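Trainee: Next up is a structure, given as structure tokens.
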Amino acid sequence: MPTIVSDPKKWQKLRAGLKGSVGFVPTMGNLHEGHIELCRRARKECDHVLASIFVNPTQFNQRSDYEKYARTFDADCKLLGEAGVEYIFNPDEKAMYPDNYELQVTETVISKELEGEFRPGHFQGMLTVVLKLLNIAQADKAYFGEKDFQQLTLVKKMVEAFFIPTEIIPVPTVRADSGLALSSRNGRLSPEQLKKATEISRLLKSGYSDEEVMKKLAEAGFKPEYVATKWGRRLAAAWLGDVRLIDNVPLSEVKKDRAA
Ligand code: AMP
């Protein structure tokens with residue numbers, strides 16, 4: 001069983017006594033194979049592995065979404081232990097926000113488009129908590145999934161801009177056999193919706209234009225928010241019922257001809 005630490009200062013003391021490199025995997029819990037893949041990479045590349053479980057209130061747009069977020073701490077600890085994670089950082093809100101949310105990180109360009117347009121304030125909350133977590137973790141490498149590609153792009157930008165001495169390692173998206181990107185939110189889809197959700201990755205990889213993919217998602221019963229080509233990827237966000245799904249694929253996986 002991994003050692004659970006909830007006090008930032010306690011972890012920093014523990015970390016100062018560790019010999020060798022530390023790999024860090026930040027998560028919001030409710031873990032699946034995608035998160036575990038990040039841990040496996042960290043295990044392979046670092047002498048010690050720390051994962052964090054913290055459901056960050058400031059990156060949710062609605063309080064109800066934050067409250068509905070599945071919390072499965074015991075099962076998460078078991079999975080992390082099996083993946084070779086030695087330490088779990090599990091702070092409460094007070095420990096993470098001693099400033100009472102008065103200090104925030106603002107990025108003014110990338111954070112305003114795509115996800116940022118539909119989730120105002122989300123990236124400010126995300127960057128703020130990631131800065132805190134990176135400063136607490138004092139890790140050599142931190143692992144982030146390509147599943148949240150805009151997030152990964154912003155985290156890399158922040159690390160460079162603020163001279164944070166941690167290397168950001170991107171990890172390719174883990175998918176179900178159906179092609180659906182694994183996500184904690186998939187657990188809220190009905191069996192029928194789960195089947196339909198596979199259309200997102202299929203259409204992203206198709207030869208249709210971004211506008212055509214938007215149209216086809218709408219025809220299939222989604223409420224698409226955007227389909228866009230950026231950073232060498234094709235990205236999309238769409239609602240299926242009351243669940244918001246995001247995905248993206250590298251352009252090398254997008255078909256050149258129009259046949260879906
Ligand atoms: P979350 O718990 O949703 O904040 O995600 C924690 C980390 O896991 C982030 O870096 C995500 O990008 C990453 N992640 C989530 N789903 C996947 C997936 N299907 N494949 C790879 N990484 C993922």
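Trainee: Output ³J(HN,Hα) for the range 46-55: one whole-Hz value per residue in order, computed from phi by the Karplus curve 6.51 cos²θ - 1.76 cosθ + 1.60 with θ = phi - 60°, and x for Gly and Pro.
Mentor: 10, 6, 10, 10, 10, 10, 10, 10, 8, 7
Trainee: Please give the solvent-accessible surface of Lys196 in Å², to the nearest 10, using a probe radius of 1.4 Å with every protein chain present.
Mentor: 70
Trainee: Under a 1.4 Å probe, what is the accessible area of the range 184-249 per residue, stated in Å²? Write out the running numbers ahead of the final one.
Mentor: Details: 2950 Å² over 66 residues.
I get 45 Å² per residue for this part.
Trainee: Per DSSP H run of at least 4 residues, take -39500 (n - 2.57); add these up for the chain, divide by its residues and hand me the 222 nm value, nearest 500 deg cm²/dmol.
Mentor: Numbers: 10 runs with 100 residues, N = 260.
Helices in the chain give a 222 nm mean residue ellipticity of -11500 deg cm²/dmol.
Trainee: Is there a quick way to get the dipole size of the range 113-170? I mean about its Cα centre, with the Cβ of Lys and Arg at +1 and of Asp and Glu at -1; what is the value in debye to the nearest 20? If you can, show how the numbers build up before the last one.
Mentor: On the way: 6 positive and 8 negative charges, 34 e Å.
In total the dipole reaches around 160 debye.
Trainee: Near the amide H of Ala237, under 5 Å away, which other amide H atoms are found, from residues 5 or more places off or on another chain, if H is placed in the peptide plane?
Mentor: When sequence neighbours closer than 5 places are left aside, the close amide H contacts are Glu225, Tyr226.
Trainee: Another question, then. In square angstrom, rounded to the nearest 10, how much accessible surface does Glu93 have for a 1.4 Å probe?
Mentor: 60
Trainee: Report the local net charge at Trp231: Lys and Arg +1, Asp and Glu -1, summed over other residues whose C-beta lies under 13 Å from its C-beta. Show your work: numbers first, answer last.
Mentor: On the way: positive: Lys156, Lys157, Lys230, Arg233, Arg234; negative: Glu113, Glu115, Glu146, Asp148.
Here the charged neighbours net out to +1.
Trainee: If we count every other residue with Cβ under 15 angstrom of Val249's Cβ, Lys/Arg +1 and Asp/Glu -1, where does the sum land?
Mentor: On the way: positive: Lys147, Arg175, Arg202, Lys205, Lys230, Arg233, Arg234, Lys255, Lys256; negative: Glu146, Asp148, Glu199, Asp210, Asp247, Glu253.
Taking every other residue near Val249 into account, the sum is +3.
Trainee: Is the C-alpha gyration tensor of the range 3-171 telling us rounded, prolate or oblate? Criteria: a/c under 1.5 is rounded; beyond that, a/b larger than b/c is prolate, otherwise oblate. Present the calculation step by step, with values, prior to reporting the outcome.
Mentor: Values: a/c = 1.43, a/b = 1.32, b/c = 1.08.
Taking the square roots of the gyration eigenvalues as a ≥ b ≥ c, the range 3-171 is rounded.
Trainee: Still on this model: With a cut-off of 8 Å between alpha carbons and a minimum separation of six or more residues, what is the relative contact order of the range 3-171 in percent?
Mentor: Details: 266 pairs, mean separation 50.4, N = 169.
Reported relative contact order: 30 percent.
Trainee: With an 8 Å Cα cut-off and a minimum separation of 6 or more residues, compute the relative contact order for the range 101-222 in percent. List each step's numbers first, then the result.
Mentor: Numbers: 93 pairs, mean separation 20.7, N = 122.
The value is 17 percent.
Trainee: Can you tell me the dipole magnitude for the chain around its Cα centre, using point charges on the Cβ only (Lys, Arg +1; Asp, Glu -1), in Debye to the nearest 20? Could you put the intermediate results ahead of the total?
Mentor: On the way: 38 positive and 36 negative charges, 65 e Å.
Roughly 320 debye, rounded to the nearest 20.
Trainee: Using a 1.4 Å probe, how large is the accessible area of Ile4, given in Å² and rounded to the nearest 10?
Mentor: Estimated to the nearest 10 Å², Ile4 gives 80 Å².
Trainee: Right, here's the next one. Using a 1.4 angstrom probe on heavy atoms only, work out the carbon and sulfur share of the accessible area of the range 138-201 in %. Could you put the intermediate results ahead of the total?
Mentor: Values: 1680 of 3130 Å².
The value for the range 138-201 is 54 percent carbon and sulfur by accessible area.
Trainee: Right, another one. At 1.4 Å probe radius, can you tell me the per residue accessible area of the range 3-171 in Å²?
Mentor: Numbers: 8020 Å² over 169 residues.
So the range 3-171 comes to 47 Å² accessible per residue, rounded to a whole number.
The values are calculated or read from the model by the stated rules, or taken from the named source; none is laboratory data. As the structure is a prediction and not an experimental result, all values here were calculated from the model. Positions of Cβ are backbone-derived with ideal geometry, glycine not excepted, and every protein chain shown enters the neighbour counts. These accessible areas exclude ligands, DNA and RNA; they are computed on the full protein's heavy atoms, side chains included. Shrake-Rupley method; radii C 1.70, N 1.55, O 1.52, S 1.80 Å.
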